[in-house]
Amino acid sequence: MSISRNIILAALAMGLSLPVSAQVKVGVTVSATGPAASLGIPERNAIELAPREIGGQQVEYIVLDDRSDPTAGRRNFDRFVNEHEVDVVIGSSTSPISMALVEAAGRSKTPMISLGAAAAIIHPMDDNRRWVFKTPYNDSTTAASTIEHMRQTGIESVATLAFNDAYGESWVNEFTPLAEAAGIDVVENQKFSRTDTSVTAQVLRIASARPDAVLIVASGTPGVLPQASLVERGYQGAVYQTTGVVNNDFIRVGGQAVEGTLIAAAPLVVANQLPDSNPAKEVAQQFSMEYEAEFGDGATNAFAGYAWDAVLIMQAALEKVLADHEPGSEQFRTALRDAIEGTENVPTTAGPNTMAPDDHNGYSKDAPVMITIRDGKFTLAD
């Protein structure tokens with residue numbers, strides 16, 4: 001019997017645990033079911049492509065479904081921390097769920113990279129939010145791009161129809177003063193729920209205000225309802241939406257009603273149409289090729305990109321800290337948080353990312369591109 005086997009048997013006989021090499025543990029909570037499933041499923045798919053070894057260290061991904069529910073998302077986070085002792089959390093898919101996790105991230109000192117878009121997830125900076133980052137562009141960034149397109153196309157008045165949650169509120173709060181500063185009158189603000197089956201009352205009020213354009217602030221397939229209702233009522237103005245609807249399920253469900261929709265969005269879904277000068281083109285094309293090889297032609301969407309960009313940012317930070325710190329401790333999580341905050345020019349599908357103590361999003365103001373839906377496909381707007 002070999003000496004090493006004798007040591008193992010002796011340790012087992014004494015009830016001792018043998019040392020195992022530490023591995024990085026990543027908790028991932030996404031909305032794979034419920035109203036936000038069209039966001040969470042592609043995000044979960046992207047995690048399947050994530051590297052299982054970074055910086056010479058094994059990486060384990062623990063993926064849980066929060067069912068589009070903030071309470072379930074919080075339970076998932078607690079499980080990550082208490083049962084799995086994760087080093088970092090990615091998620092959740094929506095702003096309301098991500099907002100519910102911010103306090104838990106700060107209390108447990110666990111870095112978190114959100115896939116929700118609301119600026120309120122990371123602003124204003126405080127003891128909890130210093131542990132939280134996010135990959136979708138800030139609302140102010142895409143709102144400014146939306147307003148610039150409206151200004152260039154002669155829009156003088158606009159109405160908003162937004163989710164009555166953190167995502168909708170954050171977007172409208174950013175959009176309204178920017179629009180007014182650009183000389184665009186905001187003539188009506190209406191709200192609706194993700195689970196509503198009718199928005200007739202809201203659409204009638206908007207129609208009576210006769211705006212040149214309507215901005216719908218929604219995510220996933222629930223964003224179809226207000227636009228379809230506007231079309232049914234004969235609205236002829238421009239319809240803008242937000243990055244929350246940039247997936248094929250929105251087009252599939254919306255059909256002809258969503259043709260011509262305008263969206264300031266990340267470049268990923270139009271990667272092959274981008275000019276070579278766009279700094280996101282190479283990374284976006286590479287990810288799109290890999291994602292569609294696994295999940296089918298045309299499967300690429302913004303939400304898969306948000307998850308992939310979280311992985312890229314996490315990977316860049318891990319490569320900095322793994323040489324000097326061992327996973328599984330508060331010291332490691334703190335070093336990882338600091339490394340994420342210190343990342344510079346990380347190539348992502350949304351463009352180069354540079355975080356800072358006062359900017360936990362890290363994208364430049366000119367990163368979004370204006371896209372539209374033409375013949376049932378996302379395409380660069382003219």
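Odds and ends about this structure:
- Seen from all directions on average, the stretch 169-255 presents a Cα convex hull projection of 5.5 nm².
- Estimated at the nearest 10 Å², the accessible area of Tyr61 is 30 Å² with a 1.4 Å probe.
- Angle in degrees between helix 281-295 and the longest Cα principal axis of the chain, rounded to the nearest 10: 80 degrees
- Subset of Lys281/Lys365; Lys281/Lys320; Lys320/Lys377; Lys25/Lys281 violating a 28 Å alpha-carbon distance limit: Lys320/Lys377; Lys25/Lys281
- Candidates per GluC sites (Glu not before Pro) in the stretch 201-309, loop by DSSP, up to 16 other Cβ within 10 Å: Glu259
- If both residues of a DSSP beta bridge must be in the chain, then about 25% of such bridges are antiparallel.
- Computed over protein heavy atoms with a 1.4 Å probe, the carbon and sulfur contribution to the accessible area of the stretch 179-323 reaches 44%.
- Solvent-free Debye scattering, log10 I(q)/I(0), computed from the Cα coordinates of the chain at q = 0.06, 0.07, 0.12, 0.13 Å⁻¹: -0.24, -0.32, -0.86, -1.00
- Modelled FRET efficiency - R0 30 Å, Gln331 with Glu282, Cβ distances, 0.05 increments: 0.25
- For the chain, the dipole from Cβ point charges (+1 on Lys and Arg, -1 on Asp and Glu) about the Cα centre works out to 640 debye, to the nearest 20.
- Using distinct alpha-carbon pairs, which all enter the 1/r mean, Kirkwood radius of the stretch 42-146 in Å: 14.3 Å
- Remark: the stretch 210-322 carries a charge dipole of roughly 440 debye about the Cα centre, counting +1 on each Lys and Arg Cβ and -1 on each Asp and Glu Cβ.
- Residue (of Pro96, Thr146, Gln190) at the positive-pole extreme of the stretch 92-228, dipole from beta-carbon charges: Pro96
- Relative contact order of the stretch 24-84, pairs being alpha-carbon contacts under 8 Å that are 6 or more residues apart, as %: 45 percent
- The stretch 185-308: radius of gyration and largest Cα-Cα distance (Dmax), Å: 16.3, 48
- Net charge dipole size for the stretch 133-186 [Lys, Arg +1 and Asp, Glu -1 on Cβ; Debye, nearest 20]: 160 debye
- Relative pair counts by distance (%), Cα atoms of the stretch 305-363, 10 Å bins: 25, 53, 22, 1
- Label positions at Asp127 and Ser193, each projected 7 Å from the Cα along the C-beta direction, are separated by 3.6 nm.
- In the chain, a dipole from Cβ-located charges (positive for Lys and Arg, negative for Asp and Glu) runs towards its positive end, and of Pro352, Ile373, Thr160 it is Thr160 whose Cα lies farthest in that direction.
- For the stretch 178-231 versus the stretch 322-382, the inter-centroid distance based on Cα atoms is 30 Å.
- Charge tally for Val203 (other residues, Cβ to Cβ under 10 Å; Lys, Arg +1; Asp, Glu -1): +1.
- Alpha-carbon centroid distance for the pair the stretch 25-89 / the stretch 262-286, whole angstrom: 26 Å
- Our estimate of slack between Lys109 and Thr379, defined as 0.36 nm per intervening residue step minus the Cα-Cα distance, is 93.1 nm.
The values are calculated or read from the model by the stated rules, or taken from the named source; none is laboratory data. For clarity, every value in this text was computed on a predicted model and none was experimentally measured. No Cβ is skipped: glycine too gets one built from the backbone with ideal geometry, and neighbour counts run over all protein chains shown. The area values use the complete protein model at the heavy-atom level, side chains included, leaving out ligands, DNA and RNA. Shrake-Rupley method; radii C 1.70, N 1.55, O 1.52, S 1.80 Å.
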